[in-house]
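Everything below concerns the one structure shown next.
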Amino acid sequence: MQASGIERQDPRQDPRTTPNERAGEPPRVDGPGTRFGSVMQGYTEASNVNIVEEMVNLITAQRAYEINSKSIQSSDEMLQNIAQLKR
């Protein structure tokens with residue numbers, strides 16, 4: 001069932017997806033020698049991410065965030081103490 005007032009848009013009529021002179025030729029994605037590589041049956045693809053290095057980076061970022069958060073919290077507590085002393 002389709003809601004009233006809503007028409008299905010044909011992607012062939014959409015100017016964002018139709019080829020034109022300004023867009024140029026679409027890139028080839030098949031065959032050897034393309035910039036996208038190729039798929040070979042019976043082979044596995046190795047990861048290009050060093051998981052140990054990424055985990056170390058994650059822990060480092062987490063600790064930096066905790067330190068910054070704690071310093072802001074300490075600053076807020078000091079300002080509250082100063083405000084109480086002025087009263």
Quick check on my filter: what residues within segment 51-87 are basic (Lys, Arg) and within 25 Å of the chain's Cα centre (by Cα)?
Arg63
Go through the residues of segment 38-47 one by one and say whether even a single one is modelled with pLDDT under 75 and of a type in the set (S, T, N, Q).
yes
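The values are calculated or read from the model by the stated rules, or taken from the named source; none is laboratory data. All figures in this text were calculated on a predicted structure; none of them were measured in a lab.
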